[in-house]
1. I'm checking my understanding of the structure. Among residues of the range 41-94 that are at positive phi and modelled with pLDDT of 95 or more, which one is farthest from the ligand (Cβ to nearest atom)?
2. Run down ILE191, ILE136, ILE153, ILE160 and say which single residue is crowded, with 18+ Cβ neighbours inside 10 Å, touching a residue at least 40 places away in the same chain (Cβ under 8 Å) and within 16 Å of the ligand (Cβ to nearest atom).
3. Filter the range 368-395 down to the residues that are part of a loop (DSSP other than H, G, I, E, B) and surrounded by fewer than 16 Cβ atoms within 10 Å (Cβ to Cβ) and list them by number.
4. Can you name the residue in the range 194-205 that is more than 16 Å from the ligand (Cβ to nearest atom) and part of a loop (DSSP other than H, G, I, E, B) and is also farthest from HIS172 (Cα to Cα) among such residues?
5. Which pairs do you get when a residue that is closer than 17 Å to CYS353 by Cβ, found in the range 318-336, comes within reach of a residue that is assigned to a helix (DSSP H, G or I) and charged (D, E, K, R), reach meaning Cβ atoms under 7 angstrom, with the pair 6+ apart or on two chains?
6. Of all residues in the range 60-81, which are touching a residue at least 12 places away in the same chain (Cβ under 8 Å) and either of a type in the set (Lys, Arg) or surrounded by fewer than 18 Cβ atoms within 10 Å (Cβ to Cβ) (or both)?
7. I'm checking my understanding of the structure. Among residues of the range 173-185 that are surrounded by fewer than 20 Cβ atoms within 10 Å (Cβ to Cβ) and among the hydrophobic types (A, V, I, L, M, F, W, C), which one is farthest from THR112 (Cα to Cα)?
8. Can LEU305 be described as assigned to a helix (DSSP H, G or I) and over 14 Å from LEU394 (Cβ atoms)?
Amino acid sequence: MDSAKIKQDFPLLQQNIMYLDNAATTQKPQVVVDALTKFYTHSNANVHRGIYALAEQATQLYEDARAEVAQFIGAQANELIFTKGTTESINFVATAWGNDYLNEGDEIIISTMDHHSNIIPWQQVAKRKGAVIKAIPLYRDGTLQMDQVPHLINKKTKIIAVSHISNVLGIHNDVHALRDYARQVGALFLIDAAQSVAHQAVDVKELDCDFLAFSGHKMLGPTGIGGLYIKKDLHDLIQPYQFGGGMIAQASEYSATWLKAPQKFEAGTPPIAQAVGLCAAVRYIKNNINFDALRQHEAALCARLIDGLQDLKQIKIMGPIEQLKEKGHLVSFVVDGHHAHDIAAYVGQQGICVRAGQHCAQPLACFLQVEAMVRVSFYAYNSTEEVDALIATLHKLLA
Ligand SMILES: Cc1ncc(COP(=O)(O)O)c(C=O)c1O
């Protein structure tokens, strides 16, 4: 993978900055910035409303974006709902589906490694409905105790919702096995793909999930947009998440009926320019990034970082090191005697951007018995030179 060539496409990275916080959000290539500017300069109008040419053009661009982003994850166009991002997508399912299909005593399976976005919405609906949360426990290295899943599921299990890849430990979960467990008991299956869609090929039909949630800003797209895949069979069974304009077939003062999906699930003016920007991001990935090469590149950066930190005795790498070296895109660690925030601030002074904290995963931090971690996360434009600069900076502080 020619990371230097790819880096040239990212205007922000032309500054003297080493951006190693891609799990939080990725940088944007010029084509995405241009797509937003072009839309606002030449095509801006509301969608699905106007019958003048400009409005038709905006609608076309928005629906073309839906078709292309849907195709990118292996979905049909009407199976992709644009949302604000992963958080809204999971709240959508927990609320719209959960309100109608969860009852007292029903069970929801999540895991201890999940991001708060895949924990708190379930807690909230469980509280409202008297349902019960069960979390798949973790082994010491943070991987899921898959052998415990058969003991957690039963006829009361209504949904299994887990992250595809952990945003803290970089662990790839066995979503196929989890889907099979869901099917055994007639439960639905949701994948939080926030950390996977930009890093590997994701195909909802091959995964055979019911819902898949992701964020545009973590895959080179703008903020304020993401997606929720809803399997077609569920479209008529699920009520809208929000209500208002753009989703109505017929309305009186007292009742209303809905349009078909996807409009049914997109009340109000959608994120139009952001959808066009996300489409440009997807095109950029398709044209410039080979996922096999990306995996090798990111795993090699993880391995180089892990090896380079090994002789610093104060540093403890979290997570399954061998898996990270084989297919990781991020590395988290703690530094004995130094708070993670201090480490991030120190390397930040050298122009190196890394994340520090609990990464919106307090149950995991609690399980790992750490207050905060430093997280270094890679994408296609990162280089071995950047990893070496980080290693050298940490050696200067700690050796
Ligand atoms: C695994 C995972 N799930 C959910 C989210 C939430 O994504 P967003 O803040 O874009 O809604 C993130 C973001 O860090 C994440 O990494």
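1. Across the range 41-94, the extreme among qualifying residues is GLY74.
2. None of the other options fit; the residue is ILE160.
3. Selection gives GLN369, GLU371.
4. ASP203
5. From residues that are closer than 17 Å to CYS353 by Cβ, the pairs are HIS329/GLU298.
6. Residues satisfying the conditions are GLU63, ASP64, ARG66, GLY74, GLN76, ALA77.
7. Checked the range 173-185; the qualifying residue farthest from THR112 (Cα to Cα) is VAL185.
8. No: the conditions fail for LEU305.
The values are calculated or read from the model by the stated rules, or taken from the named source; none is laboratory data. It should be emphasised that the depicted structure is a prediction, and the values quoted were computed from it without experimental measurement. No Cβ is skipped: glycine too gets one built from the backbone with ideal geometry, and neighbour counts run over all protein chains shown.
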